[in-house]
1. Return yes when residue A:14 is within 14 Å of chain B (Cβ to nearest Cβ), touching a helix residue (DSSP H, G or I) at 6+ places or on another chain (Cβ under 9 Å) and near DNA strand C (Cβ under 8 Å from one of its atoms) and no when it is not.
2. If you scan the stretch B:20-52, which residues turn out to be within 9 Å of DNA strand C (Cβ to nearest atom) and either within 15 Å of residue B:75 (Cα to Cα) or touching a helix residue (DSSP H, G or I) at 6+ places or on another chain (Cβ under 7 Å) (or both)?
3. For the stretch A:63-85, how many residues meet the condition of being more than 14 Å from DNA strand C (Cβ to nearest atom) and within 14 Å of another protein chain (Cβ to nearest Cβ)?
4. Output the strands (runs of 3 or more DSSP E) that fall wholly within the stretch B:139-228 and possess 2 or more residues being touching a residue at least 60 places away in the same chain (Cβ under 8 Å) and within 14 Å of chain A (Cβ to nearest Cβ), or say none.
5. For residue B:132, state whether it is surrounded by fewer than 17 Cβ atoms within 10 Å (Cβ to Cβ) and either in contact (Cβ under 8 Å) with a residue 24 or more places away in the chain or within 13 Å of chain A (Cβ to nearest Cβ) (or both).
DNA sequence: TCAAAATGTCTATTGATATAGACAACTATA
DNA sequence: TATAGTTGTCTATATCAATAGACATTTTGA
């Protein structure tokens, strides 16, 4: 049977754009891992019900992004993206250091809420269980490719409204600065691994069985006061961590 | 200052489509509530940096949706959408009964996870705390307008994989049927009200201070066994409930 | 070595998208 | 009752999006 949702016409979104987005998602999902290449243009054109030239426009856009590389006579190869390197140090920030590895980095806000700290959060943030904390859920992307999803907690009394500031600036570092915290330090990072759960599969465009790297990290201000605790889940095949001593 | 993100060209998404989406979001956000009408076409054209005709295309699309109505000489009025009526009965389902009130209804999957039941979930689903449950978070939309966001829990042993089935069918009722439950009954509904939290503001496109109607509901199978417990948060100015006795 | 299969290039045509300008028609108000 | 402000309509032009067909070029494998 054909795919459940075909491309739509007359919506103001060009067909090549819709097709490019769906092919990229399929690649991230690992649908073509067995061959390492995208199906032939004629096949894709048939599947999507469009002209071959339209598929070529979509593939050209993906080639421009660096997602695929077309080779005449062979086919369109999926570029083995290098793993993004996350240096872990006292100056660890998400966007910093990634900027030169990817053309476009973005963090999208998934959820934002104020809640009471449970025992674990309280321990990391040096609060008492039940104290107000702000929870921020974000997804990190590099070149349209979902890389990580993070849940961060902040002391609500000190960083009231940090969610809204984050929404404006799109950066934790900038949000901190807006709220009067000019600098902070990565005090501790724990790294573990597990299998992807269903939330990972959807948010990170993974297949069942995929591996997730989990970091639990605490940031402090210059007086060693905790300002942020975050749990980040990375798609293991898209990242590596380096620790310099 | 101008808006932080302007419309983008050459992306495969038509300018009129981007502009229409942003105007619709502004309307839902209540930005024009003081006047009850959209700014003049010439002003919008200047704001977005496009020709007036392009703005007109966007407004024509919104008029087609029924969001606005243009009146020559006066301006473009925002249609006071009737509140969606949710009849609450033993046969309460989201999509049913709404279909004839809105042109297009949709439920988008926000999150999906398997977790352990806490005390409250366990009580509603007649389980023991710690039992496995599947949590499903969705947003309900009618005519592109976000109406509600719901969190539902299902007993994991009985409805394993209901999340994936839901993703395919886009309907709880159909997902139940796929998993062998042909019919179910709304056993209990509790209704409360509160102010919107930050999550509501983003997901439902509301302004601070907006009112949220909350339903806590339990569905059972024909043997009175609980099959679903859900907490749904409605934008209060977009819905009404009716209970027939 | 030949043929099949795949991407690359070219021309041509149609419709959608966007800009530009001018003016008509209508509403509200001074 | 003028007049300013607003939406509606028309013509014209340029570019983008999509389709169609033909053929070249390259790779792979029989």
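The values are calculated or read from the model by the stated rules, or taken from the named source; none is laboratory data. In this text, all values refer to a predicted model and were calculated from it rather than measured experimentally. Note that we place each Cβ from the backbone using ideal geometry, even for glycine, and neighbour counts take in every protein chain shown.
1. Yes: the conditions hold for residue A:14.
2. B:45, B:48, B:50, B:51, B:52, listed by residue number.
3. 1
4. The strands (runs of 3 or more DSSP E) meeting that bar are B:145-155.
5. yes
Matching residues to (1) more than 19 Å from residue B:152 (Cα to Cα); (2) assigned by TED's automatic domain parsing to the domain that holds residue B:128; (3) in contact with a helix residue (DSSP H, G or I) (Cβ under 6 Å, 6 or more places away or on another chain):
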residue	(1), (2), (3)
B:187	no, yes, no
B:190	no, yes, no
B:202	yes, yes, no
B:210	yes, yes, no
B:214	no, yes, no
B:219	no, yes, no
B:226	no, yes, yes
B:229	no, yes, yes
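So that you can scan it fast, the table gives a plain yes or no per residue for (1) closer than 26 Å to residue A:168 by Cα; (2) buried (at least 17 other Cβ atoms within 10 Å of the Cβ); (3) modelled with pLDDT of 95 or more; (4) within 14 Å of chain B (Cβ to nearest Cβ):
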{"residue": "A:51", "(1), (2), (3), (4)": "no, no, yes, no"}
{"residue": "A:55", "(1), (2), (3), (4)": "no, yes, yes, yes"}
{"residue": "A:61", "(1), (2), (3), (4)": "no, yes, no, yes"}
{"residue": "A:102", "(1), (2), (3), (4)": "yes, yes, no, no"}
{"residue": "A:107", "(1), (2), (3), (4)": "yes, yes, no, no"}
{"residue": "A:116", "(1), (2), (3), (4)": "yes, no, no, yes"}
{"residue": "A:122", "(1), (2), (3), (4)": "no, yes, yes, no"}
